[in-house]
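The values are calculated or read from the model by the stated rules, or taken from the named source; none is laboratory data. These numbers were taken from a predicted model, which means no experiment stands behind them. No Cβ is skipped: glycine too gets one built from the backbone with ideal geometry, and neighbour counts run over all protein chains shown. These area figures cover heavy atoms from the full protein model, side chains too; ligands, DNA and RNA do not enter into them. Shrake-Rupley method; radii C 1.70, N 1.55, O 1.52, S 1.80 Å.
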Amino acid sequence: MTTLEIRNLQVSVETDDTAKEILRGVDLTINSGETHAIMGPNGSGKSTLAYAIAGHPKYTVTGGEVLLDGEDVLAMGVDERARAGLFLAMQYPVEVPGVTVSNFLRTAKTAVDGEAPKLRTWVKDVRGAMEALRMDASFAERNVNEGFSGGEKKRHEILQLELLQPRIAILDETDSGLDVDALKVVSEGVNRVKENTGLGVMLITHYTRILRYIQPDYVHVFVGGRVAESGGRDLADRLEEEGYDRFLTAGV
Amino acid sequence: MSLLIDDTTTHQDPQAQLGGDHRIPDQSRAARHRSFDVETFAVPTGREEEWRFTPVDRLGGVLTDEPTQDREGDPAADYEVRAPAGVTVGTLAPGEAPRGTVLVPEDRGAAVASRNTTEALHLSVPADLELAEPVRVQVEGRGAGRRSNAHYVLEAGRHSRALVVLDHTGAADHTGNLEVIVGDGAELTVVSLQRWDDGAVHLAQHEALVGRDATYKHIAVSLGGSIVRMNSNVRYAGPGGDATLLGVYFADAGQHLEHRSFVDHNAPRCTSLVTYKGALQGQTARTVWVGDVLIRQEAQGIETYELNRNLVLTDGARADSVPNLEIETGDIAGAGHASSTGRFDDEQLFYLMSRGIDEANARRLVVRGFFADIIAKIGVPEVVDRLMEAIDAELQLTMVSQPTETEG
Ligand SMILES: Nc1ncnc2c1ncn2[C@@H]1O[C@H](COP(=O)(O)OP(=O)(O)O)[C@@H](O)[C@H]1O
Ligand SMILES: [Mg+2]
């Protein structure tokens, strides 16, 4: 059982020479096996929350804490956070020219486990995970995210989720830019990992569409850099009908 | 939201005569002064077009018209030639053919090297012989600042196949000419490794004449030395020739690594591919690439492409990249070029590290990835291995000098 605790998290981003405050005290606790949907309008700070937890150098934490089973995540380097069991599926995955997917996956797996995976089972695991995500075998020899379509990038993120087996995953708009078929494949992937490993999920999304395929236990409305309201599945249904207007006019 | 600062100018134009961002030189490359007479080349001031990137004030004695500073039992540079059975090893006096038939000096460095080499090393691979082992010429400079002149003549007979590795270590003020004759249908690869110590200065003109249907590959690998300035030039003796000029360089603080290439498309239906890639790190690390291609009127149906990419790993380093394309015929299969200089992309580092990979390994992956395509083109295992080791060793330096910024 793992717990990710975010307490009163405040984050600003460097722009030119001023620091812009974006997260204004976020409180959220995610346990193993739970799925928390974070829903909010564009620009509300959802990606900032994801990047700050992952340790992106562009985001400065100005207050609050993030704990993983009581350990201070903010004191860890980016790579240490991943090795501690955190995973971020990025909204815009980065191209790494000249580095093949297979080399990248093996290097990441070795880093996360602290030892190289057994070659035979590893090859089988990679092939199986790729087949489940309907990815062609030739994918392994392509360079990381280079020339990938939007859908291929998202599948590749979920492929990593399946293989690296983190304890808590943050999925930042994994649904955006996917057609219905790809959305189903990717959602099945997430559900598979949840079932097999008891993964805790922070599912960041702009739309309710993905919630048809991945059942949230909790829904949080994210507006103006903080959680404006929390509830169950029904909150998502209300958002579907009413949109975010109610929260925006309420003022920040 | 990218942290990448990339002043990329990438451009590809199959019908290059339609324009593009390449420079059209004021004077045709063909009109460059060439002579064996040292006096006709003034000592450069740095204002000349061909010398404008070079720190001429740091060249030391390398342009002085002086014999090699050998002392009794203590040569300025040690030479070791290892040639497999069948290869003829001899010497050629100035003016003794084929010496001087292909290489005419194009700058003062090449002219002093030519004048001051009384016995040029002559390596000849007989026709039809396919060598299983490389020919090796090991040059070891025996003291920074000591003048050393060299001229090598390399002949690959018709339909022969050979790999020649010219390896430079140690330090000297070295001028080295390489004159290459690739016979009809021959397949020749020349590797020039610049693994000099810090104090070395090295000027070079490597000039090749590529025979009918012959294949020539020239690979320059420059890692060491204070200043390296290498010209790799090609022209063709008949139609159907194929030339590949490759270069890999890694400059640290205080190093100036300059590579110039000139493909003179003077025959029909030939091809050329020029690819140079380099990384730079540290204050005042400097690299220059100037790629000249001339497509003459008679060069119908040729195809050429040149590419230079530079990866700047730290602040204070600077890469210049200048493609020059002159086209005198409309009847070509293709001509294109691309050139770019980009900063090390911190987003790539973040992406890899967010998967648990530590910073040293993440950097190594990114930099190795940058070189991956050219390393695949080199295709000579011993060179590839050396290069990989050297890149890893260079990155070790960055890690020591640059405390990690991504933590905390
Ligand atoms: N790297 C950045 N540089 C400058 N501004 C940023 C950066 N990242 C986010 N912001 C700003 O922070 C706010 C929140 O952005 P973001 O976290 O991406 O929101 P969301 O993911 O909810 O759409 C926006 O106003 C955005 O412009
Ligand atoms: Mg976002």
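Among the residues of the stretch A:54-77, how many are facing another protein chain (nearest Cβ under 9 Å) and touching a residue at least 60 places away in the same chain (Cβ under 8 Å)?
Quick first cut of the stretch A:54-77, residues facing another protein chain (nearest Cβ under 9 Å) only: A:54-58, A:74-77.
Checking the rest, the ones that are also touching a residue at least 60 places away in the same chain (Cβ under 8 Å) come to A:54.
So the answer is 1.
Residues in the stretch B:309-329 that are in a loop (DSSP other than H, G, I, E, B) and either under 28 Å from A:Phe104 (Cα atoms) or within 14 Å of chain A (Cβ to nearest Cβ) (or both): 3 in all.
Filter the stretch A:190-206 down to the residues that are on the phi < 0 side of the Ramachandran plot and touching a residue at least 60 places away in the same chain (Cβ under 8 Å) and list them by number.
Hits for the stretch A:190-206 are A:Arg192, A:Lys194, A:Leu199, A:Gly200, A:Val201, A:Met202, A:Leu203, A:Ile204, A:Thr205, A:His206.
Among the residues of the stretch B:360-400, write down those that are of a type in the set (Asp, Glu) and either at the interface with chain A (Cβ under 7 Å from one of its Cβ atoms) or free of Cβ contacts under 8 Å to residues at least 24 places away in the same chain (or both). Within the stretch B:360-400, B:Asp373, B:Asp385, B:Glu389 qualify.
Is there a residue in the stretch A:115-124 that is open to solvent by less than 50 Å² (accessible area, probe 1.4 Å), away from ligand 2 (no atom under 16 Å from the Cβ), within 7 Å of chain B (Cβ to nearest Cβ) and of a type outside the set (Phe, Trp, Tyr)? No, the stretch A:115-124 contains no residue that is open to solvent by less than 50 Å² (accessible area, probe 1.4 Å), away from ligand 2 (no atom under 16 Å from the Cβ), within 7 Å of chain B (Cβ to nearest Cβ) and of a type outside the set (Phe, Trp, Tyr).
Given the structure, is A:Glu141 facing chain B (nearest Cβ under 10 Å), over 29 Å from A:Asn31 (Cα atoms) and of a type in the set (Asp, Glu)? Before you say what the answer is, go through the steps one by one.
Values: facing chain B (nearest Cβ under 10 Å): no; over 29 Å from A:Asn31 (Cα atoms): yes; of a type in the set (Asp, Glu): yes.
Taking the combined requirement at face value, the residue does not satisfy it.
Of all the residues in the stretch A:95-114, those that are open to solvent by less than 40 Å² (accessible area, probe 1.4 Å) and charged (D, E, K, R) number 1.
Considered as a group, the residues in the stretch A:125-137 that are open to solvent by 70 Å² or more (accessible area, probe 1.4 Å) and either at positive phi or part of a helix (DSSP H, G or I) (or both) include one that is modelled with the lowest pLDDT, and that residue is A:Ala137. Considering the conditions (1) away from chain B (no Cβ under 14 Å); (2) under 30 Å from A:Tyr244 (Cα atoms); (3) away from ligand 1 (no atom under 16 Å from the Cβ), A:Asp136 is excluded by exactly one of them, (2). For B:Ile332, the conditions (1) in a strand (DSSP E or B); (2) more than 14 Å from chain A (Cβ to nearest Cβ) are fulfilled apart from (1).
Quick check on the stretch A:78-94: of everything there that is free of Cβ contacts under 8 Å to residues at least 60 places away in the same chain and touching a Phe, Trp or Tyr at 6+ places or on another chain (Cβ under 8 Å), which residue is least open to solvent (accessible area, probe 1.4 Å)? Ranking the candidates gives A:Val78 first. Whenever a residue of the stretch A:30-53 is more than 19 Å from A:Asp69 (Cβ to Cβ), its partners that are of a type in the set (Asp, Glu) and near ligand 2 (Cβ under 10 Å from one of its atoms), lying with C-beta atoms within less than 8 angstrom and at least six residues away or across chains, give the pairs A:Lys46/A:Asp172; A:Lys46/A:Glu173; A:Ser47/A:Asp172; A:Ser47/A:Glu173; A:Ala50/A:Asp172.
Of all the residues that make up the stretch A:176-204, how many are within 16 Å of ligand 1 (Cβ to nearest atom) and modelled with pLDDT under 95? It would help to see each step written out before you state the result.
Restricting attention to the stretch A:176-204, the residues satisfying the condition of being within 16 Å of ligand 1 (Cβ to nearest atom) are A:176-177, A:202-204.
Checking which are modelled with pLDDT under 95 leaves us with A:176-177.
So the count comes out to 2.
Going by the structure shown, is A:Leu88 at the interface with another protein chain (Cβ under 8 Å from one of its Cβ atoms) and in a strand (DSSP E or B)? Reasoning before the result, please.
Values: at the interface with another protein chain (Cβ under 8 Å from one of its Cβ atoms): yes; in a strand (DSSP E or B): yes.
It is true that A:Leu88 is at the interface with another protein chain (Cβ under 8 Å from one of its Cβ atoms) and in a strand (DSSP E or B).
Picking from residues in the stretch A:34-53 that are under 24 Å from A:Tyr213 (Cα atoms) and within 14 Å of another protein chain (Cβ to nearest Cβ), the one that is modelled with the lowest pLDDT is A:Asn42. Quick test for you: out of A:Leu171, A:Leu163, pick the one residue that is surrounded by fewer than 22 Cβ atoms within 10 Å (Cβ to Cβ), touching a residue at least 40 places away in the same chain (Cβ under 8 Å), within 14 Å of another protein chain (Cβ to nearest Cβ) and not in a loop (DSSP other than H, G, I, E, B). Going through A:Leu171, A:Leu163 in turn, just one is surrounded by fewer than 22 Cβ atoms within 10 Å (Cβ to Cβ), touching a residue at least 40 places away in the same chain (Cβ under 8 Å), within 14 Å of another protein chain (Cβ to nearest Cβ) and not in a loop (DSSP other than H, G, I, E, B): A:Leu163.
Within the stretch B:118-147, how many residues are among the β-branched types (Val, Ile, Thr) and closer than 22 Å to B:Gly225 by Cα? Please lay out each step first, then the result.
From the stretch B:118-147, those among the β-branched types (Val, Ile, Thr) are B:118, B:125, B:135, B:137, B:139; that's our starting set.
Filter again for closer than 22 Å to B:Gly225 by Cα, leaving B:137, B:139.
Qualifying residue count, the stretch B:118-147: 2.
Taking the criterion of being part of a loop (DSSP other than H, G, I, E, B), surrounded by fewer than 21 Cβ atoms within 10 Å (Cβ to Cβ) and away from ligand 2 (no atom under 16 Å from the Cβ), the residues of the stretch A:174-210 that qualify are A:Asp179, A:Gly198, A:Thr208. Looking only at residues that are part of a strand (DSSP E or B), open to solvent by less than 10 Å² (accessible area, probe 1.4 Å) and within 15 Å of ligand 2 (Cβ to nearest atom) in the stretch A:20-54, which one is nearest to A:Arg7 (Cα to Cα)? Within the stretch A:20-54, the match that is nearest to A:Arg7 (Cα to Cα) is A:Val26.
B:Gly20 meets each of the listed conditions (1) assigned to a loop (DSSP other than H, G, I, E, B); (2) at pLDDT below 95; (3) surrounded by fewer than 16 Cβ atoms within 10 Å (Cβ to Cβ) apart from (3).
Here is a yes/no grid of residues against (1) closer than 16 Å to B:Thr275 by Cβ; (2) at pLDDT below 90:
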residue	(1), (2)
B:Leu311	yes, no
B:Pro323	yes, no
B:Ile327	no, no
B:Ala338	yes, no
B:Thr341	yes, no
B:Val366	no, no
B:Ala393	no, no
B:Gln402	no, yes
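The single condition among (1) open to solvent by less than 10 Å² (accessible area, probe 1.4 Å); (2) not in a helix (DSSP H, G or I) that B:Phe350 does not satisfy is (2).
I need a count of the residues in the stretch A:60-77 that are in a loop (DSSP other than H, G, I, E, B) and either in contact with a Phe, Trp or Tyr (Cβ under 6 Å, 6 or more places away or on another chain) or open to solvent by less than 10 Å² (accessible area, probe 1.4 Å) (or both). Number of matching residues: 1.
Of all the listed residues (A:Pro57, A:Pro93, A:Pro117), the sole one being within 16 Å of ligand 1 (Cβ to nearest atom), touching a Lys or Arg at 6+ places or on another chain (Cβ under 8 Å) and not in a helix (DSSP H, G or I) is A:Pro93.
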